[in-house]
Structure formats: structure tokens, C-alpha cells
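To start, the structure under review is shown below, and the notes come after it.
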Amino acid sequence: MSVALETINLEKRFGGLVATNKVSFRLAQGGRHALIGPNGAGKTTFINLLTGVLPSNGGQVLLNGEDVTRLSQQQRARRGLGRTFQINQLFAAMTPVESIGLAVSERMGGGADFWRGLGTRTDIIDEVLELLERFRLTDVMDHPTARLPYGKQRLLEIAVALAGNPRVLLLDEPAAGVPEAERQELLDTLAALPKDVSILLIEHDMDLVFTFADRITVLVNGTHFAEGTPAEVMADPRVREVYLGEEEHA
Amino acid sequence: MPTDTLTQPPTAVAPTTQGLHERALRNLGRTGRWRPAEFVFWALAAATFFFLPDQHLLLGEIAILGLFALSLDLILGYAGIVSLGHGVFFGVGAYVAGLISIHMTGEPITGLLLGGVAAAILGLATAPLLLLRASDLTRLMVTLGIAMLFYEAANKAAWLTGGADGLQGIWIDPIFGRFDFDLMGTTSYAYALVVTFLLFLVARRIVTSPFGLSLAAIRDNPMRANTIGIPVGKRLVAIYTISALYAGIAGALLAQTTMFVSLDVLAFHRSADVLLVLVLGGVGYLYGGLIGAIVFKLLQDTLSTLTPQYWMFWLGLILVVIVLIGRERITGAPATLWNRVRGMGK
């Protein structure tokens with residue numbers, strides 16, 4: 001199995017609290033891996049360690065075999081690590097075309113161009129249109145982002161990340177807050193994400209986790225608790241107790 | 001034939017793709033397109049040169065202040081960097097242009113460019129200080145502190161700057177060896193207006209470029225800008241340096257057109273005034289600095305004639321009103337009123 005993203009004994013402490021406790025984890029090349037765990041399990045901290053938002057206190061992060069533990073967010077992004085956010089992090093004043101166009105031009109190294117307007121960049125337009133189409137944003141491509149329906153904003157959140165042509169994509173609760181009417185559109189686009197992109201999904205929505213993922217890791221109290229195929233995880237009595245049981249009782 | 005079009009889907013599809021291409025490109029180029037109001041603005045600016053010959057001194061001051069405020073807009077309006085010490089670049093540009101005329105050459109373009117370059121070097125050197133801790137409060141204090149340092153340094157270094165007496169003996173040669181600087185300020189105004197216009201054109205290009213769009217992205221959401229691979233720090237240093245260059249050129253213009261430089265160019269009120277001017281005109285659309293400069297200078301001119309001692313009071317009041325009520329509501333008031341009047345008729 002070739003590995004896209006790997007952590008070895010990754011550790012993070014906030015004072016006396018161990019938020020990530022020597023987690024070793026592997027995301028397979030082209031994998032669809034879900035990370036689940038009860039609230040406070042340290043999922044967000046783990047993501048922040050992977051992307052470089054937070055520095056770790058120990059252990060390593062390897063991206064396609066390269067040690068990126070000491071690299072900045074932006075350096076990891078340039079090496080093919082993309083992410084979306086649990087709460088939309090979009091450019092409110094820009095349109096989808098501009099947001100995606102910017103991400104594509106940055107990736108192609110044209111971001112420092114201070115002379116030639118994006119409106120003349122016919123070379124990026126096909127890619128921008130393809131992304132708009134893939135994420136069903138064609139109709140609203142020239143609308144200000146702040147005024148898009150929430151579901152469309154969620155789609156743009158993923159589209160902007162994919163525009164950076166990531167090898168590994170971290171999706172942080174992509175379905176969070178999406179109204180029922182717009183949900184199917186989101187699920188369809190998630191299912192249709194390019195197969196060569198390795199994806200780590202953090203999600204509370206168990207329906208989405210079990211339809212999307214081919215492998216699941218359970219995090220409890222910052223510790224790697226269990227891992228397996230969806231069927232194995234679902235059958236694991238310990239997991240049912242600490243995590244899935246919670247939902248059944250609710 | 002209707003049946004033909006039905007059997008040939010490619011011809012039906014092609015125009016749609018073409019249409020989408022155009023729509024996307026049009027949207028990507030939207031900020032770069034010239035609006036009619038912009039042509040009117042610059043046509044009026046050019047017209048003032050011919051139709052207000054006895055106001056050239058005032059108009060020249062407006063053009064220089066406008067350029068200075070535009071330089072602040074580049075960092076504040078486009079990159080979200082606040083500054084209370086932008087006057088330092090203006091002052092350094094003015095001193096360098098003055099010193100060049102005394103010690104090297106009276107040729108105006110040389111002094112103008114070197115004044116700008118000196119300010120740009122200072123901008124490049126100090127920009128990293130603003131990135132260490134990217135909070136507005138630290139930035140305000142760091143910029144204010146640097147401006148104070150330079151004011152005192154210029155005061156102490158009397159051997160170079162003339163200290164409190166100012167730089168004596170500046171003489172600027174005719175522009176291109178042909179246009180003498182006259183007492184009516186006609187050449188000065190033409191010079192300042194042309195330089196401001198050319199730099200405006202360049203700034204307009206910069207802010208509508210992919211680089212400019214990346215600045216807007218950083219201003220909107222620095223965290224996301226980072227994760228899509230935008231080198232946030234480098235971009236901010238770049239625009240800060242460009243902004244310093246612009247401010248330095250504005251300072252050099254003042255030194256050359258007045259043929260005098262004193263400590264006043266580095267005084268705190270320069271930094272405060274330019275911020276006030278920009279807020280008066282509005283941030284983030286390049287014209288704010290220019291319009292603000294017109295409003296500020298006209299208010300200053302009118303109010304100081306009416307109440308020579310209390311004009312700052314009225315200026316302060318107007319500023320408070322504009323900031324509290326919001327510019328949109330003031331400029332949109334006629335339309336709102338019109339809608340209300342029409343509504344009553346129904």
C-alpha cells in the first residue's frame with residue numbers, strides 16, 4: 001500500500017491536556033478515509049497538526065513520504081495538501097469565478113503577476129469552468145459569494161480547495177449545516193471527487209461516513225482508538241460503546 | 001430548418017460553452033474595466049488645468065495629497081494594513097528629493113524617482129516588522145513609532161537636513177529642460193497631475209491583477225489565503241513597498257514644487273491627515289484618496305476663510321458624521337429619498 005499522508009507518534013499538548021496522544025495514522029493513496037470520534041476527541045486538533053496551523057510537540061507528519069512536520073501551512077499547501085473548513089472560509093466579496101480563478105492562478109505560479117489581468121487569462125478559463133461545472137456553480141459563477149445559498153457556499157468551499165490540485169484533501173465536516181434540500185447535491189459532488197485525490201473526511205454525519213469511506217479511524221480522547229473498514233468498525237463493540245452507542249441512546 | 005438544428009447537437013452546444021467562457025472572463029475582468037464615471041473624473045481633472053488658472057497652487061496641493069492618500073489606500077484598502085506613520089515615507093521622499101537637488105542635480109525626474117526609491121527601500125526594510133504580529137494595534141504602534149524615530153533623527157541630523165530650519169537652497173531645473181516652475185503654480189500643477197495620473201494608472205493595473213486579487217483574498221480571509229498556497233507575508237511586503245514608493249514620490253513632488261523641505265513633512269499630522277483624507281473619500285477603490293483630497297482641501301480652504309481659528313472643529317465634526325452615518329447612506333440619500341417620494345404617490 002502506498003501512503004499519501006502519514007503521521008508517526010504525533011503529539012500535541014495544551015498545558016496539561018493531551019489533545020493528540022501519539023497518533024500514528026496512514027491515509028492510503030487514492031483512499032477515502034473517515035476520521036470519527038465523539039466531541040472533544042481531538043479531531044480538529046489533529047487536522048490542524050496535519051495542515052500546519054498548529055505546531056506539534058512531538059512525532060512526524062509525512063506527505064507523500066516527505067517529512068513536512070516543520071513546514072508552514074502554505075508550504076504544505078504547495079506540496080499538495082488541500083483542506084476545507086468546518087465553518088466556511090471563503091472570500092466573501094469575490095465571486096466563485098474569481099475565487100477559483102485565483103486558486104488556479106496561484107497554483108500555476110501566476111499569483112505574483114501584477115500586470116496581466118485575470119480577465120485575459122484564457123489559459124486558466126477551461127479549468128475554472130470545469131470546476132464550476134463539477135461543483136454545480138456554473139449558474140451562480142458571477143454572483144458575490146456572500147449572497148450564495150449556504151449549500152452553494154459549501155460546494156465552493158470544496159471547489160476552492162480542489163482548484164489547488166491537491167494530492168491529499170482534508171474535508172472538515174463538509175455536510176455541516178447544509179439544509180436537507182441542498183444535501184443531495186453535496187453528497188453527489190463528494191462521491192464524484194477525482195479518484196486520484198486521497199481524501200480524509202472528518203464528519204459527524206454517520207450516513208455520509210458509511211457511504212463515503214472505505215476505511216474509518218476512530219479517535220477517542222486524542223488517542224487512536226480503532227481502525228478498519230466500515231463494516232469492521234460498525235461491528236466493533238468497543239466503538240459501539242464509546243461512539244456509536246451515544247447516538248443510539250440519543 | 002428546425003430539424004437540422006435538432007440533429008446537430010454540437011452546434012447547439014458550442015455557443016453555450018462559448019457563452020460560458022465569455023461570461024467567466026467578463027467576470028474575471030470586471031474590476032479592470034473602466035467605468036464612464038472614471039473618464040468623467042479624469043476629464044474634469046484635466047479641465048481644471050485650463051479653466052481654473054488662478055487655482056493652480058491649490059490644485060497642485062490637492063494632486064499631491066491625493067497621490068499620498070492613494071498610496072495609503074494601496075495598503076489599507078487593498079491589503080487591510082493599518083498605519084499611523086505613513087508620513088515617514090512621504091517625509092523621506094521629500095528630504096531625498098530636496099537633498100538630490102542640492103547635492104546632485106536639479107533635474108526633477110531624477111529627484112522624483114530617487115525620492116520614491118529611498119522611501120520604497122525604507123518600506124521594504126520595515127514591512128517585516130508589521131508581519132511579526134499581525135494585529136491592527138501592533139501595526140498602528142509600530143508605524144507610529146517608526147515615524148517618530150525618523151522625525152527625531154531628522155531633527156538631530158541638522159548637518160544633513162537643516163534641522164528645525166529646514167533644507168535651504170533647493171532649486172529645481174525646468175522639466176525636460178523646457179517648463180520652468182513658475183510662481184503661479186501652473187507648471188507644478190501640470191507636473192503633479194501628470195505624475196499622479198500615471199501612477200494611478202499603474203496602481204489601477206496592480207489592484208486588478210492576480211496579485212491585487214490575492215491581496216483582496218488576504219484581506220478577506222488570511223487563513224484561507226494561506227491554505228490555497230498564497231505566500232501571504234511576501235505579498236504584504238510587496239504591496240507595502242509599492243505603497244511606500246508612491247508615498248515617497250508624493251513627498252518628492254511636494255519638495256520639488258515648493259522648493260522647500262522642513263521637519264513638517266515628517267510630522268505626525270501628515271500621517272493623521274492622510275488617514276483622514278482616505279476615510280473621507282472611502283477606502284478600497286483607489287478614487288477615495290483623490291476624492292478625499294479634493295474634499296479635504298476644499299473644506300480646509302472654505303472653512304479656514306470662514307472661521308480661521310476653528311476650521312479644524314468643523315472638519316472634525318464632518319469626519320465624525322461621515323464615519324458614523326456611513327458614506328453609502330450619504331451618497332445614496334438622494335436615491336432613497338426619491339424612492340420614498342415615489343412610494344408615497346402610490
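No value in this document is a laboratory result; all are computed from the given coordinates. These figures come from a predicted structure and were not determined experimentally. Note: ideal-geometry Cβ built from the backbone for every residue, glycine included; neighbour counts use all protein chains shown.
A few notes on this one:
- Working from label points 7 Å from Cα in the Cα-to-Cβ sense, the B:Val320 to B:Ala125 distance is 4.1 nm.
- Alpha-carbon centroids, the range B:112-180 and the range A:107-164: separation in whole Å: 41 Å
- Translational diffusion of the range A:3-249, µm² s⁻¹ [Kirkwood Rh, Cα pairs; Stokes-Einstein; 10 °C; 1.306 mPa s]: 84 µm²/s
- Per the Kirkwood formula applied to alpha carbons, the range A:158-208 shows a radius of gyration over Rh ratio, Rg over Rh, of 0.95.
- Estimated D of the range B:225-288 in µm² per second, where Rh is the Kirkwood radius over Cα pairs and Stokes-Einstein applies at 4 °C, 1.567 mPa s: 91 µm²/s
- Helix B:108-132 and the longest principal axis of the Cα set of chain B meet at an angle near 70°.
- DSSP-defined beta bridges in the protein assembly as shown - what % are antiparallel, rounded to 5: 60 percent
- Expected 222 nm ellipticity per residue - DSSP helices of 4 or more, -39500 (n - 2.57), all of chain B, to 500: -25500 deg cm²/dmol
- Which of A:Ser2, A:Ser56, B:Ser304 has the fewest Cβ neighbours within 10 Å, and the rest in rising order: A:Ser2, B:Ser304, A:Ser56
- In Å, descending, principal axis extents of the Cα set of the protein assembly as shown: 91, 74, 49
- Here the ratio of the Cα radius of gyration of the range B:72-138 to 2.2 N^0.38 Å is 1.30.
- Take the Cα of A:Glu180, go 7 Å toward its beta carbon, and none of the backbone nitrogen atoms of the range A:124-156 fall under 15 Å from that spot.
- Structure remark: mean-square fluctuation, Gaussian network model of chain A, C-alpha springs under 10 Å; the largest value among A:Asp196, A:Asp142, A:Asp207 belongs to A:Asp207.
- Among A:Val23, B:Val202, the ranking by other beta carbons within 10 Å of each residue's beta carbon, starting with the fewest, stands as B:Val202, A:Val23.
- Taking every Cα-Cα distance in chain B and sorting them into 20 Å bins starting at zero, the pair-distance distribution P(r) comes out as 27, 52, 16, 4, 0 percent.
- Of all DSSP beta bridges confined to chain A, the antiparallel ones make up roughly 55%.
- Most fluctuating residue given options B:Leu137, B:Leu275, B:Leu129, as computed from a GNM of chain B linking Cα atoms under 10 Å: B:Leu137
- Helix B:87-103 axis, angle to chain B major axis (alpha carbon atoms, nearest 10°): 50 degrees
- P(r), alpha carbons of the range A:97-201 - 10 Å bins starting at zero, rounded %: 14, 46, 32, 8, 0
- Set of lysines near A:Lys152 by C-alpha distance (under 27 Å), chain-local residues within fewer than 8 positions excluded: A:Lys43, A:Lys195
- Exposure proxy ranking for B:Met104, A:Met234, based on other Cβ atoms within 10 angstrom of each Cβ and starting from the fewest, stands as B:Met104, A:Met234.
- Under the criterion of Cα pairs below 8 Å and six or more residues apart, the relative contact order for chain B equals 31 percent.
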